[in-house]
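Undergrad: Here it is, the structure, as structure tokens.
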Amino acid sequence: MEQSKRKRGRKPKKAVAETMDFQMAASGVPSPSALDEQQETPESASPKARGRGRPKKATRRQNLTAVENGAVSPLRRSSQVVSINGENGEAGLAVVSLDPSPRWDQVVRVVPSMDAVVKVFCVHTEPNFSLPWQRKRQYSSSSSGFIIEGRRVLTNAHSVEHFTQVKLKKRGSDTKYVATVLAIGTECDIAMLTVENDEFWEGVSPLQFGSLPALQDAVTVVGYPIGGDTISVTSGVVSRMEILSYVHGSTELLGFQIDAAINSGNSGGPAFNDKGKCVGIAFQSLKHEDVENIGYVIPTPVIMHFINDYEKSGEYTGFPMLGIEWQKMENPDLRKAMGMAADQKGVRIRRIEPTSPEFQFLKPSDVILSFDGVDIANDGTVPFRHGERIAFSYLVSQKYTEEKALIKVLRNSKVHEFEIKLASQKRFIPSHIKGKPPSYYIIAGFVFSAISVPYLRSEYGKDYEYDAPVKLLDKLLHTMAESPDEQLVVISQVLVADINIGYEDIVNTQVLAFNGKPVKNLKTLANMVESCKDQFLKFDLEYQQIVVLETKNAKAATPDILTTHCIPSAMSVDLAS
């Protein structure tokens, strides 16, 4: 089908998957990020002189408003007036009687376990990466959750991120109960809560989990989305099942797409199958002008992995990842050059994370033939269900950290098998700071910070992948950490003072070395500066730029700069310990 032409001068919007919690300001008013700006409707505009012609029909909203004000008597459910071949007030009217009192015991409940769905109220206090010694103004959000066995409640991780207080309210109740956060899984976007008050658990049956749904299976999403205060039910079918990009977790795990409406506030709500079993958690939707009703659900295998991980370890340890970058082997000449037989299939290893356990066993240009006995195809997929294939990373995500896996590789035309202990991935620029305050160090007005994805999002907005400096993005996407504690240290800003004249324009510039010694992480830099006995402090920055300060003057000027900017300490707590 021919694509529609775009209007000149208008920039096309890109499809963005967004998490779906309903954010409110501290006063309880929806924030601009949670609600789209509403355009003024003709009914709300100032009245204008009416032209000739038939009188304008009142809209349904006007009728409802008139009924509320008592200007019009609403029609009773016991009868309706229907016009037959004539207008209102004329002859030919028929009265149709309706049952005034419906039998509620005859109404079929679509979801028998809706009482286990709760509303989650959270007050968030996010860290301030621009001023890391303080936090931002708190704000409130509402989302959904549901009760499971063991007096626990599941919701989304982004619904309680940077939480200060979390409260839960049951369906039909007017009481909010203070909740305790037991675990937060950032990668899988799931959080586990509990409530100490016994009254909260009375009269509620926990939800039971069902099996992974098939394509076209009916699903019902239940939660408390925007548009009202009571529980909401939307239905649809499973449209797609594959490895998805989890927006909050910055990772890729199994998920399925549905065509049921998922709106702000639906986050954390359960998705039921036609038997009333929970088959997933609603967590994000696709926002784009060319698409509608595309929502995503966390399936039961991911949910059970999170729950079992917590029960085994007493905390969330994460999903293991293979610390490699791989290449497809679909080209026949490439397979021949790598010494593969006609019946062999697999993927070629491009690079290996130096901090991963695989670094000790695997080598670049090895061809991974199978993982735990499951053969890998040349495009990196493995059999999933009847008529379906899925990326082999699904097999890795089914494992737990510290578990072992058998990996078969082809190296120099010979097959080797390695039993490797799996671990979570250590990224050079971490995707999350996991609730910890950002680290910082200040000397002579120079504010040193460690780069993370939340830092980039705070500095450059949601489109940081396009707006951040190219060098930072290159390190985010391609640089691998050489050691577990390696960090990307930058001068985030310069607090202007007499001691740093001429350096005011340095912003988010990487620090490569201090007095000729490479900077491994922020704590190493702080220790080297604090213990420096040389006459000068010399910082080597990227682009061959240097900063030189006299040691005695720099350390003497720091307390006054801290006092001027109301900064309590020259370094964060984690660096001082």
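Undergrad: Kindly provide the chymotrypsin sites (Phe, Trp or Tyr not before Pro) of the stretch 393-466 that DSSP labels as loop, not H, G, I, E or B, and whose Cβ sees at most 16 other Cβ atoms within 10 Å.
TA: Working: sites: Y394, Y400, F418, F428, Y440, Y441, F446, F448, Y455, Y460, Y464, Y466; in loops: Y400, F428.
Answer in residue order: Y400.
Undergrad: Next question, about the same structure. Given axes a ≥ b ≥ c from the Cα gyration tensor, I'd like to know whether the stretch 482-577 is rounded (a/c under 1.5), prolate (a/b larger than b/c) or oblate.
TA: Details: a/c = 1.44, a/b = 1.21, b/c = 1.19.
In terms of gyration-tensor shape, rounded.
Undergrad: If amide H atoms are built 1.01 Å from N in the plane of the peptide, which residues on other chains or at least 5 residues away come under 5 Å of the amide H of I443?
TA: Correct list: F448.
Undergrad: In nanometres, what is the gap between the two model label sites at K520 and Y466, each 7 Å from Cα along Cα-to-Cβ?
TA: Result: 4.0 nm between the two label points.
Undergrad: Using θ = phi - 60° and the Karplus form 6.51 cos²θ - 1.76 cosθ + 1.60, what ³J(HN,Hα) does each residue of the stretch 456-467 get, whole Hz, x for Gly and Pro?
TA: Karplus values, whole Hz, x for Gly and Pro: 5, 5, 5, 7, 10, x, 5, 8, 4, 5, 10, 9.
Undergrad: For the stretch 490-577, state which GluC sites (Glu not before Pro) are in a DSSP loop and have at most 13 other beta carbons lying within 10 Å of their beta carbon.
TA: E504
Undergrad: Kindly write out, for the stretch 401-416 in residue order, the coupling ³J(HN,Hα) from the Karplus curve 6.51 cos²θ - 1.76 cosθ + 1.60 (θ = phi - 60°), rounded to whole Hz, with x marking Gly and Pro.
TA: Per residue, the Karplus-derived 3J(HN,Hα) values read 4, 6, 7, 9, 9, 9, 10, 9, 10, 10, 9, 6, 6, 10, 8, 10 Hz.
Undergrad: To continue, here is another question. So how far apart, in nm, are the two label points at K552 and D375 if each is 7 Å from Cα heading toward Cβ?
TA: The answer from the label model is 7.6 nm.
Undergrad: FRET efficiency for R171 and K421, Cβ-Cβ distance as r, R0 = 35 Å, nearest 0.05?
TA: Working: r = 45 Å, r/R0 = 1.28.
E between R171 and K421, to the nearest 0.05, is 0.20.
Undergrad: A further question on this structure: For K136, which sequence-distant residues (separation of 5 or more, or a different chain) have an amide H within less than 5 Å of its own amide H, given hydrogens modelled in the peptide plane?
TA: Amide H neighbours of K136, under 5 Å, 5+ apart: E126, N128.
Undergrad: What percentage of the solvent-accessible surface of the stretch 283-360, computed with a 1.4 Å probe over protein heavy atoms, is contributed by carbon and sulfur atoms?
TA: Details: 1710 of 3900 Å².
Of all accessible area on the stretch 283-360, carbon and sulfur atoms account for 44 percent.
Undergrad: Step through the residues of the stretch 328-345 one at a time and calculate ³J(HN,Hα) from phi using the Karplus curve (6.51 cos²θ - 1.76 cosθ + 1.60, θ = phi - 60°), rounding each to whole Hz and writing x for Gly and Pro.
TA: Using θ = phi - 60°, the values come out as 5, 10, 7, 7, x, 5, 5, 5, 5, 5, 7, x, 7, 6, 5, 9, 9, 9 Hz.
The values are calculated or read from the model by the stated rules, or taken from the named source; none is laboratory data. Everything numeric here is computed off the predicted structure, so don't read it as measured data. All Cβ positions, glycine included, derive from the backbone under ideal geometry; neighbour counts span all protein chains shown. Each accessible area value is taken on the protein alone, full model and side chains, heavy atoms only, with ligands, DNA and RNA left out. Shrake-Rupley method; radii C 1.70, N 1.55, O 1.52, S 1.80 Å.
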